[in-house]
Amino acid sequence: MMSEHTDGGQPDTVSRRDGTDRASSSETGDGQSVTDSVSEENRDGQHSRTTCPECHGRLRRADDDVDAVCDDCGLVVSDATLDTNIKLYTPNGAGGQDSRVGPSSTNLLHDKGLSTMIGWQDTDAKGNALSGERRQQMRRLRRWDERFRRRSSADRNLMHALGEINRMASALGVPDSTRETAGVIYRRALADGLVTGRAVESVATAALYAASRMDGVPRSIDEVSTVSRVEQIRVERAYRHVSRELGLEIAPTDPRSFIGRIASDVECTDATEREARRLAGIAVENGVHSGKHPVGIAAGALYAAAKQCDESLRQADIARAADVSEMTIRNRYPEILAATDTEDE
């Protein structure tokens, strides 16, 4: 409430809810106060904001003593201190932190996860069920939204290819970082026109195989082709074409990266696995692996290590775990033992 003027010409004061009075800055012709500077304390005794969180201009409080208005940009700020910090995204609200900005962008979605999507719930913001006419309208909007999200041939191509990469990566147990790398490789291949004239599945499989080799995730071409929808020969051709045209720097596969998985499948001892890694390392140093399948070298090294450690491992079991033939193991392990004998001399 407004106080009366004194004879001394004291300025008007605005009565606050905490019982204190403060001087108002001015008064309009119809008796309403324009604005007053924001108090340094709010009703709870805490410091309130005195600068605009958007433009850092000066905030002035209106007569109702509830909201403050920025002099520069006109932003209305409530009396409570605003929290303008961005909360990082946590999947499913993990860590007691709500999602405010949504998930980060990803190369595993054709639009990188930046587009919006109309929800499937037939309820309004308050949870009330929509009327029949409104539900029909929402179904029509969802249909058009889906059409606009895949309106170009490139979008449809990416949606199919990235879906294939996710499916194959899940079957092979490939980590998310390698899936992202495969998505980037396929996007580059699509942008450079390398997909034209080739099946989308073959290029997607080649991108996943190239990503697994670049990230050091041991997956052979035979394993990747097993979960693919095309023949292995088409995957190999697409891989050679993509790696050559894109200039991918892919180092030769180290046979030792396959030993751990094969040893786990045949359930050999730790001593045999360590010996197999040593033998495979000697074979690599002596060039035995040159021009040969790295999985075959790993299988041969494991069988040679089992013989040296007096552990009973059958060639058939190792060949089944490594997905190679028994003849490959019989040809590789003598070469590995010969390289070891040469090293010992």
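The values are calculated or read from the model by the stated rules, or taken from the named source; none is laboratory data. Since the model is a prediction, treat every value here as computed from it, not as a measurement. Cβ coordinates were reconstructed from backbone atoms using ideal geometry, including for glycine residues, and neighbour counts include every protein chain displayed. Side chains included, ligands, DNA and RNA excluded: accessible areas come from the protein's heavy atoms. Shrake-Rupley method; radii C 1.70, N 1.55, O 1.52, S 1.80 Å.
Quick look at the values:
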| read-out | value |
| --- | --- |
| Debye log10 I(q)/I(0) at q = 0.12, 0.17, 0.20 Å⁻¹ for region 151-237, Cα point scatterers | -0.29, -0.60, -0.84 |
| Region 121-180 shape via C-alpha gyration tensor axes, a/c threshold 1.5 | oblate |
| Modelled FRET efficiency - R0 35 Å, H160 with Q121, Cβ distances, 0.05 increments | 0.80 |
| Nitroxide proxy distance, nm - points 7 Å out along Cα→Cβ at V76 and S153 | 5.2 |
| Peptides 235-246, 291-302 ordered by average Cβ neighbours within 10 Å, highest first | 291-302, 235-246 |
| Value of D in µm² per second that Stokes-Einstein yields for region 233-345, Kirkwood Rh from Cα pairs, at 4 °C (1.567 mPa s) | 89 |
| Segment T196-R135, length gained on full extension (0.36 nm per residue, minus Cα span) | 17.8 nm |
| Chain lengthening between V184 and D270 when straightened (0.36 nm per residue, less Cα-Cα) | 27.2 nm |
| Per residue accessible area of region 134-262, 1.4 Å probe, in Å² | 50 |
| Net lengthening on full extension, R229/S325 (0.36 nm per residue, minus Cα-Cα) | 32.2 nm |
| FRET efficiency, R314 to R142 (Cβ-Cβ, R0 56 Å, nearest 0.05) | 0.45 |
